[in-house]
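Here, each number is a calculation from the coordinates, and none is a lab measurement. Note that this is a predicted model, so its numbers are computed, not measured. Positions of Cβ are generated from backbone atoms using ideal geometry, with glycine treated the same way; all protein chains shown enter the neighbour counts.
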Amino acid sequence: MTAKPSHEDIGTTPDPAAVPAGTARDTRNTGPGRLLIAVYAVFAISATARAGYQILTKFSEAPVAYLLSAFAAVVYLVATVSLAKAGRTWFKVSVAAVLVELVGVLVVGALSVFDSVNFPHETVWSLFGRGYAFIPLLLPILGLIWLYRRRPAPKRALES
Amino acid sequence: MDAYFYIILVLGLVSSVICLSAGILKKAPNDTTILSVAAVELSLLVYLVGSIVRVAGGEQIAGEPWEFWGYLLTALLLPVGAVYWAILERTRWSNFVLAAVGVTALVMAARMNQIWY
């Protein structure tokens, strides 16, 4: 049985202010998007738990690394929620969160390789996410591809 | 690594392979994929009960106990959440979501073993 619901009858209630009636493209939480959101959710949970643990138990050891952990956790949370929401505003939030994530994993990954003294390997993004099977590096790229394919209908929405 | 880990390792891998194959074959979640994830949940429940019995019997967790229980309770929620989502939208993509459960569960079980010993 391959029940494949159309985008309108998924049960999401798009924000009426942001979504003109009947624009299926303004949701990103169906099909491959669901897989993306699920993986983002797992990272949001694990990054939040890890950062919370680090900050509560050993914050003074490496404040910069642990604040980065917390920042990464926030980025994953925002990405998860915004990808699950319909509408143009949430689309922009998603793009911003995924771009920040991409920059974060590249910058922190590079710093952890070249300046390992100041960047001990204790964040999700250290060594380009090697501790998490490089999924943190892959995720923003897949995220941007998905967001591009599901960009809101008029092209001006891509500005910002 | 103890028997709990190896049970979750085997069931998690089998479940992930079944769900991944179903997703690649463009099938929607069916009894086979959902039951394989249910088996992972069952193995985690066995781990939970076994761990409670061991702690009640006086065994000490080497690492932070609350970290261990945090991992275990989070792992227990994953299959439930994934199946709920798979039922909400029955497309091939939900099978990939289900496939992620087994792998995540076995990684978390490995971490739980590290904390325990």
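For each of B:Val10, A:Val42, count neighbouring Cβ atoms within 10 Å of the residue's Cβ, then give the residues from fewest to most.
Ordered by Cβ neighbours within 10 Å, fewest first: B:Val10, A:Val42.
Counting only pairs 8 or more places apart or on different chains, how many lysine pairs in the protein assembly as shown have C-alpha atoms closer than 26 Å?
7
Output the direction-averaged projected area (hull surface divided by four) of the convex hull of the alpha-carbon atoms of the protein assembly as shown, in nm².
Value for the protein assembly as shown: 16.1 nm².
Lys and Arg at +1, Asp and Glu at -1: add these up for the other residues within a Cβ distance under 11 Å of B:Ala82 and post the number.
0
For region B:1-107, state which chymotrypsin sites (Phe, Trp or Tyr not before Pro) are in a DSSP loop and have at most 11 other beta carbons lying within 10 Å of their beta carbon.
Listed in order of number, the matching sites amount to none.
What's the exposure ranking of B:Thr91, B:Thr74, going from fewest to most Cβ atoms within 10 Å?
With the sparsest Cβ surroundings first, the list reads B:Thr74, B:Thr91.
Calculated FRET efficiency, B:Trp66 and B:Leu35, Cβ-Cβ r, R0 41 Å, to nearest 0.05?
So the FRET efficiency works out to roughly 0.80.
I'd like the mean, over residues of B:95-102, of how many other protein chain beta carbons sit within 10 Å of each residue's own Cβ.
The mean count of partner-chain Cβ atoms within 10 Å per residue comes to 3.
Using alpha-carbon pairs under 8 Å, 6+ residues apart, how would you state the relative contact order of region A:27-151 in percent?
27 percent.
Within region A:44-84, find all residues whose amide N lies under 20 Å from a label point positioned 7 Å from the Cα of A:Val117 along Cα-to-beta-carbon.
Within reach of a label on A:Val117, which here means backbone N under 20 Å from a point 7 Å along Cα→Cβ, region A:44-84 contributes A:61-66.
Indicate the gyration tensor shape class of region A:104-150 (rounded, prolate or oblate), computed on the Cα atoms with a ≥ b ≥ c the square roots of the eigenvalues: a/c under 1.5 is rounded; otherwise a/b larger than b/c is prolate and the rest oblate.
It is prolate, given that a/c is not under 1.5 and a/b is the larger ratio.
With every atom except the alpha carbons ignored, what do you get for Rg and Dmax of chain B, in angstroms?
Calculated on Cα positions, Rg and Dmax stand at 14.8, 49 Å.
State, as an integer percentage, the relative contact order of chain B based on alpha-carbon contacts under 8 Å between residues 6 or more apart.
This gives 47 percent for chain B.
At 0.36 nm per residue, and after removing the present C-alpha to C-alpha distance, how many nm does the segment from A:Ala96 to A:Ile55 gain when stretched out fully?
12.2 nm
For region A:27-151, count the residues as N, evaluate 2.2 N^0.38 Å, and divide the Cα radius of gyration by that value, please.
Here the answer is 1.05, to two decimals.
Using the basic label-point model (7 angstrom from Cα toward the beta carbon), what is the B:Ala110 to B:Val14 distance in nanometres?
2.0
Let me check I've understood the local charge: for B:Phe68, count other residues with C-beta under 15 angstrom from its C-beta, Lys and Arg +1, Asp and Glu -1. What total comes out?
Taking every Cβ under 15 Å from that of B:Phe68, the sum is -1.
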